[in-house]
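**Student:** One structure coming up, written as structure tokens, with questions to follow.
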Amino acid sequence: MVAAHVRRACIDIGSNTTRLLVAECAAGHLEEVHQDRAFTRIGRGISGDGMIAEAKIAEVVGVVRKQLERAHELGSSEVLGVATAAIRRAANGSALVSAIETACGLRVQILSGEEEARLAFVGAAGTLGHRPAGALGVVDVGGGSSEVVVGTAPHAVDWWFSFPLGSGDLAEEHLRSDPPRAGELAAARARVAEALDGVEAPSPLEAVAVGGSATSMRLLAGPLLDRPAFERAFAVLAADGAADVASRFSLDPERVRLLPAGLLILEAVSNLFGTPLQVGCGGIREGVLLEAGELV
């Protein structure tokens, strides 16, 4: 019997971006129909008292409303909403979730670090295109946190670690020049090393990187993030401003400004795993839709 396909959508409200994925879903399989994103930068909009500004809440509500309308236009029978690190740690994250539900009718789940890690693993493993012969490592670099996971495909997580440092935070703290200066990169690299100090991860047979930084790296340095690829990417990002790099590689300038920070985290996790990283095709949003398909 052929599994019935259902069109579902996921709206993922992250620290840097708010993203929509629409896909045809069957048991254990997704076929992308549409993706879009907006750089809402919620993490940068959190004030010193930990509050998301009212103007930022209104902006995100407007973005979600448009993405929800698009998902319905494309025939999605179900739209699922999730929110990640910036909303999780904001003092009024629940106010953002409530505003979205009131204005749009969409219930948004604020994910824990453990849930982010699991969904990133499920999404990466489910879109890998093959079943690894051994343990699979996954790293998901977000704007406000990063998750590192080792498990057995398609969904058995054996070890995970979530740390509250993402590309948005790291860029805001240390990489303020365009392009970043050598001293700034050194300080940011030390900050990543501090975040991972004492962490001992199992050694996977294969490792996959997901998230906006990893996806952009495919355009900048190719689908395999090994030492030469990281060196090439850092050389490009340290030589020219974000606008120039964005134009040359068909990237968003906002993403390019965040990319050196994301790269430093990816490089550190590659060293932690002891293996190069493949650029994955799916992460949290794909994981949400794959898990939804298993529940029906």
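The values are calculated or read from the model by the stated rules, or taken from the named source; none is laboratory data. Being a predicted model, the structure only gives us computed values, none of them experimental. A quick note on method: Cβ atoms are made from the backbone with ideal geometry, for glycine too, and the neighbour counts reach across all protein chains shown. These area figures cover heavy atoms from the full protein model, side chains too; ligands, DNA and RNA do not enter into them. Shrake-Rupley method; radii C 1.70, N 1.55, O 1.52, S 1.80 Å.
**Student:** Return the whole-Å distance between the Cα centroid of region 96-159 and the Cα centroid of region 235-252.
**Tutor:** After rounding, the separation between the Cα centres reads 29 Å.
**Student:** As a test of the definition: which semi-axes, in Å, follow for region 247-296 when you take the square root of five times each eigenvalue of its alpha carbon gyration tensor? Largest first, please. Provide the component values of the computation, followed by the final result.
**Tutor:** Details: eigenvalues 144, 71, 17 Å².
Values for region 247-296, descending: 27, 19, 9 Å.
**Student:** Next question, about the same structure. Given Ser146, Leu266, Ala103, which one lies farthest toward the positive end of the charge dipole of the chain, if we put +1 on the Cβ of every Lys and Arg and -1 on the Cβ of every Asp and Glu?
**Tutor:** About the Cα centre, the residue reaching furthest to the positive side is Ala103.
**Student:** What does the C-alpha gyration tensor say about the overall shape of region 52-182? Classify as rounded when a/c is under 1.5, otherwise prolate if a/b is larger than b/c, or oblate. Display every interim value, and only then the final one.
**Tutor:** Details: a/c = 1.95, a/b = 1.19, b/c = 1.64.
It comes out oblate by the Cα gyration axes.
**Student:** While we're on this one: Can you pull the percent of region 89-212's accessible area that's carbon plus sulfur, 1.4 Å probe, other chains left in place? Could the numbers behind the result be given before it?
**Tutor:** Details: 2590 of 5240 Å².
Here it works out to 49 percent.
**Student:** Distance between Cα centroids, region 263-281 to region 3-24: provide it in whole Å.
**Tutor:** With region 263-281 and region 3-24 each reduced to a Cα centre, they are spaced 25 Å.
**Student:** Using +1 on the beta carbon of Lys and Arg, -1 on that of Asp and Glu, and nothing else charged, what's the dipole of the chain about the Cα centre, debye to 20?
**Tutor:** 420
**Student:** Sort Asp12, Asp178, Asp158 by heavy-atom solvent-accessible area, probe 1.4 angstrom, most to least.
**Tutor:** On the way: Asp12 15, Asp178 80, Asp158 110 Å².
My answer, sorted largest first, is Asp158, Asp178, Asp12.
**Student:** A follow-up question, please. Taking region 175-252, which GluC sites (Glu not before Pro) meet the DSSP loop condition and have no more than 14 other C-beta atoms within 10 Å? Each step should come with its number before you reach the end.
**Tutor:** Details: sites: Glu184, Glu194, Glu200, Glu206, Glu231; in loops: Glu200.
Sites meeting the loop and neighbour criteria: Glu200.
**Student:** Rg and Dmax of the chain, using alpha carbons, in Å: what are they?
**Tutor:** Expressed in Å, the Cα Rg and Dmax of the chain come to 18.2, 60.
**Student:** On to the next question. So, with +1 on the Cβ of K and R and -1 on the Cβ of D and E, and no other charges, what is the size of the charge dipole of region 110-211 about its Cα centre, to the nearest 20 debye? Before the final figure, lay out the partial values.
**Tutor:** Values: 6 positive and 15 negative charges, 58 e Å.
That gives a dipole near 280 debye.
**Student:** Over the alpha-carbon set of region 18-96, work out the extent along each principal axis and list the three values in angstrom, largest first.
**Tutor:** Here the Cα extents, ordered largest to smallest, are 44, 24, 18 Å.
**Student:** Now, a different point. What Kirkwood radius, in Å to one decimal, follows from the Cα pairs of region 146-296?
**Tutor:** On the way: mean 1/r = 0.0622 Å⁻¹.
For region 146-296, the Kirkwood estimate is 16.1 Å.
**Student:** Let me ask another. Could you give me the ³J(HN,Hα) list for region 31-47, computed from phi with Karplus coefficients 6.51, -1.76, 1.60 and θ = phi - 60°, whole Hz, x at Gly and Pro?
**Tutor:** Along region 31-47, the couplings run 10, 4, 9, 7, 9, 8, 8, 9, 7, 8, 6, 4, x, 6, x, 7, 7 Hz.
**Student:** Could you tell me the distance between the Cα centroids of region 181-198 and region 35-81, to the nearest Å?
**Tutor:** Region 181-198 and region 35-81 have Cα centres spaced 31 Å from each other.
**Student:** Using +1 on the beta carbon of Lys and Arg, -1 on that of Asp and Glu, and nothing else charged, what's the dipole of region 1-159 about the Cα centre, debye to 20?
**Tutor:** Values: 15 positive and 18 negative charges, 42 e Å.
Magnitude of the dipole: close to 200 debye.
**Student:** A further question on this structure: Can you pull the accessible area of Lys66 for me, 1.4 Å probe, Å² to the nearest 10?
**Tutor:** 150
**Student:** Rg and Dmax of region 23-64 over Cα atoms: what are they, in angstrom?
**Tutor:** Cα radius of gyration and Dmax of region 23-64 are 15.8, 45 Å respectively.
**Student:** Round to the nearest 10 and report in Å² the accessible area of His29, as given by a 1.4 Å probe over the protein chains' heavy atoms.
**Tutor:** His29 has an accessible surface of roughly 90 Å² with all protein chains in place.
**Student:** Could you list which residues have their amide H under 5 Å from that of Leu80, counting only those 5 or more apart in sequence or on another chain, with H placed in the peptide plane?
**Tutor:** Close amide H contacts, sequence-distant or interchain: Ala9, Cys10, Ile11.
**Student:** Here's another thing I want to ask about it. Region 124-210: D in µm²/s via Stokes-Einstein (Kirkwood Rh, Cα pairs, 4 °C, 1.567 mPa s)?
**Tutor:** It comes out at roughly 91 µm²/s.
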